[in-house]
Amino acid sequence: MGHNGHMRSLGTLEYDPKLSAQRPADPWWLIVRTCEETRRYYAAQVGAHLGQKLNKPLWGSHITVVRGEQPSVRRRGAWGLHQRRVISFDFEWRGLNNHRGIWWLPVKSKALENIRVELGLDPRPAVAFHWTLGRVCG
């Protein structure tokens, strides 16, 4: 286990992710595709200890970096610059959180903050970086 409840993991950046071949991409979204096995492990912990079964997130295991925020006009050329780049991030494995039935783990990443700054955005999004585990079924 990581020091002070933190662990490091890797993920892959994906700009304008698509939910399916039939649905167009959501513009100005950037996510980090994260390890599905790790997501399933923590989702199972929610089920085992709290009795809540979770549905898989629509985009699968992920961290949202940009949530529909348009980059500044002068910085739009940076959009897509890091497509498929592997980045590291720290997550708080003891920090399971729930907001309106969506379970998640807190995430910290200087690399993600730097990408937001490259786009002319605040380094920290309004909704803090988090690893989405799933929504409560039902």
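How long are the three semi-axes of the equivalent ellipsoid of the stretch 66-117, in whole Å, if each is the root of 5 times an eigenvalue of the C-alpha gyration tensor, listed from largest down? Show your work: numbers first, answer last.
Numbers: eigenvalues 139, 44, 16 Å².
Listed largest to smallest, the semi-axes of the stretch 66-117 are 26, 15, 9 Å.
Per DSSP H run of n ≥ 4, the term is -39500 (n - 2.57); total these for the chain, divide by its residue number, and report the mean residue ellipticity at 222 nm rounded to 500 deg cm²/dmol. Intermediate results must be reported in sequence, preceding the final value.
Details: 2 runs with 24 residues, N = 138.
So the helix-based figure for the chain works out to -5500 deg cm²/dmol.
Relative to the longest principal axis of the C-alpha atoms of the chain, give the angle of the C-alpha long axis of helix 36-50, reported between 0 and 90° and rounded to the nearest 10°.
40
If you take the alpha carbon radius of gyration of the stretch 21-91 and divide it by 2.2 N^0.38 Å, what ratio comes out, to two decimals?
Working: Rg = 15.5 Å, N = 71, 2.2 N^0.38 = 11.1 Å.
So the Cα radius of gyration is 1.40 times the expected 2.2 N^0.38 Å.
Which translational diffusion coefficient, to the nearest whole µm²/s, is obtained for the chain from the Stokes-Einstein equation, given a Kirkwood hydrodynamic radius over C-alpha pairs, 4 °C and 1.567 mPa s? Mind showing how you got there, number by number?
Details: Rh = 15.5 Å.
Answer, rounded: 83 µm²/s.
Let's test the formula: R0 of 41 Å, r as the Cβ-Cβ distance of HIS49 and SER72. What FRET efficiency results, to the nearest 0.05?
Numbers: r = 44 Å, r/R0 = 1.07.
FRET efficiency, HIS49 to SER72: 0.40.
Two decimals, Cα atoms only, Kirkwood Rh: what is Rg/Rh over the stretch 89-138? Please list the in-between numbers first.
Values: Rg = 12.5 Å, Rh = 11.9 Å.
Here the Rg-to-Rh quotient is 1.06.
Every number in this text was worked out from the coordinates using simple rules, so none of it is lab data. None of these values were measured; they are calculated from a predicted model. All Cβ positions, even for glycine, are placed from backbone atoms using ideal geometry, and neighbour counts span all protein chains on display.
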